[in-house]
Ligand SMILES: C[S@@+](CC[C@H](N)C(=O)[O-])C[C@H]1O[C@@H](n2cnc3c(N)ncnc32)[C@H](O)[C@@H]1O
Ligand code: SF4
């Protein structure tokens with residue numbers, strides 16, 4: 001079934017590490033943008049199709065007036081056949097998420113909240129360029145629960161130079177006590193052109209080195225698993241029954257439609273993305289549209305499969321013309337126990353999860 005992603009490219013202030021498409025804009029501009037998104041939804045070639053997951057991401061969707069979120073969802077419900085039990089998620093930041101907004105979200109059929117905490121250390125939050133305090137994270141969680149949301153997730157970033165497992169263990173323990181059902185722990189990426197990148201170029205020790213990151217990551221994974229979380233994708237952990245349907249769609253190669261600035265879509269062999277500047281987006285232009293070759297599908301399948309608990313299907317690779325068992329690099333990685341094979345699937349040894357991107361390069 002189809003998944004829908006809607007991009008809300010607005011933030012109160014740009015964080016030091018972030019290069020997602022997000023901008024600081026005024027309310028009139030935001031209103032104009034929401035109208036453009038609704039128009040795009042109404043004109044979609046896929047209108048009338050069945051949808052079982054909607055994800056409103058950003059940027060900071062919780063920053064904009066909740067009536068705009070309601071407007072966008074109404075438009076989706078009007079133009080698509082949304083399942084009664086569809087997963088409907090929204091990304092929120094602690095400083096802009098209010099109880100009143102949460103009540104409107106519930107009325108608009110949203111049933112999953114993804115809250116960006118990133119850290120619960122005052123100094124780290126400043127270093128990351130966040131504009132909320134640790135206390136605001138706890139207040140936001142209290143409001144999420146008070147508003148009746150059982151399904152909510154909290155994002156953390158691992159990679160500040162002052163990171164330690166001791167701190168993570170305390171924070172994650174607090175999240176577990178608060179009955180958080182899904183936790184994402186992203187390894188800090190130094191993205192080109194960001195404020196963090198400029199700091200890093202002067203002094204690489206502003207971020208944690210790879211070795212320490214891997215060591216902390218492995219302990220985090222072990223700790224969460226001991227506390228009944230499933231490590232279902234590199235950065236994602238969930239209590240049984242609370243894996244994100246939206247995430248699973250991305251990682252298992254199912255079709256999804258993206259609406260809004262720079263949003264990506266994927267269907268069959270086709271992949272396309274909306275323009276990544278407002279002028280072109282308002283004019284209805286795409287950034288690109290491509291038909292994936294067998295080689296690209298193979299790369300995609302390996303990349304997605306190694307990141308997830310379901311692994312890579314060897315038979316599927318065969319249908320695309322790759323007999324991986326005969327590949328020298330594959331055999332080497334098996335011998336080194338970096339990869340392992342069970343029946344017709346191969347998987348990444350958990351120990352190497354933080355090095356996944358490098359291993360994929362070796363394999364491809
Ligand atoms: C695009 S953000 C949107 C969520 C929300 N605006 C927030 O900041 O909490 C989604 C998640 O991506 C992660 N993220 C963004 N940039 C990152 C980077 N350079 N390295 C690691 N994680 C990053 C953050 O953890 C963030 O919560
Ligand atoms: S991390 Fe979130 S709040 Fe910060 S700039 Fe990126 S999208 Fe905006």
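The values are calculated or read from the model by the stated rules, or taken from the named source; none is laboratory data. Just so it is clear, the model here is predicted, and its values are computed rather than measured. Don't worry about glycine lacking a Cβ; one is built from the backbone with ideal geometry, like all the others, and counts go over all protein chains shown.
With the requirement that a residue be surrounded by 14 or more Cβ atoms within 10 Å (Cβ to Cβ), within 11 Å of ligand 1 (Cβ to nearest atom) and in contact (Cβ under 8 Å) with a residue 60 or more places away in the chain, what does the stretch 13-54 give you? 14, 15, 16, 17, 18, 19, 21, listed by residue number.
Residues in the stretch 80-108 that are outside any strand (DSSP E or B), over 30 Å from residue 126 (Cα atoms) and in contact with a helix residue (DSSP H, G or I) (Cβ under 6 Å, 6 or more places away or on another chain): 104, 108. Of all the listed residues (349, 294, 343), the sole one being loosely packed, with under 13 Cβ neighbours inside 10 Å and modelled with pLDDT under 95 is 343.
With the condition kept exactly as written, say whether any residue in the stretch 43-60 is under 16 Å from residue 130 (Cβ atoms) and in a strand (DSSP E or B). The answer is yes, given that some residue of the stretch 43-60 is under 16 Å from residue 130 (Cβ atoms) and in a strand (DSSP E or B).
Flag: residue 108 matches the condition of being crowded, with 19+ Cβ neighbours inside 10 Å and either assigned by TED's automatic domain parsing to the domain that holds residue 72 or within 16 Å of ligand 2 (Cβ to nearest atom) (or both).
Name every residue in the stretch 78-128 that is farther than 23 Å from residue 238 by Cα, more than 16 Å from ligand 1 (Cβ to nearest atom) and in contact with a strand residue (DSSP E or B) (Cβ under 6 Å, 6 or more places away or on another chain), in order of residue number. Once the filter is applied, which keeps residues that are farther than 23 Å from residue 238 by Cα, more than 16 Å from ligand 1 (Cβ to nearest atom) and in contact with a strand residue (DSSP E or B) (Cβ under 6 Å, 6 or more places away or on another chain), the stretch 78-128 yields 80, 81, 82. Within this structure, residue 306 fails the test of being assigned to a helix (DSSP H, G or I), over 30 Å from residue 20 (Cα atoms) and touching a residue at least 12 places away in the same chain (Cβ under 8 Å). Scoring residue 292 on the criteria (1) without any contact (Cβ under 8 Å) to a residue 60 or more places away in the chain; (2) farther than 25 Å from residue 51 by Cα; (3) more than 21 Å from the chain's Cα centre (by Cα) leaves a single failure, condition (2). Of the residues making up the stretch 233-248, those that are crowded, with 20+ Cβ neighbours inside 10 Å and part of a strand (DSSP E or B) are 233, 236, 237, 238. Taken residue by residue, the stretch 71-79 has no member that is within 16 Å of ligand 2 (Cβ to nearest atom), outside any loop (DSSP other than H, G, I, E, B), crowded, with 16+ Cβ neighbours inside 10 Å and at pLDDT 95 or above.
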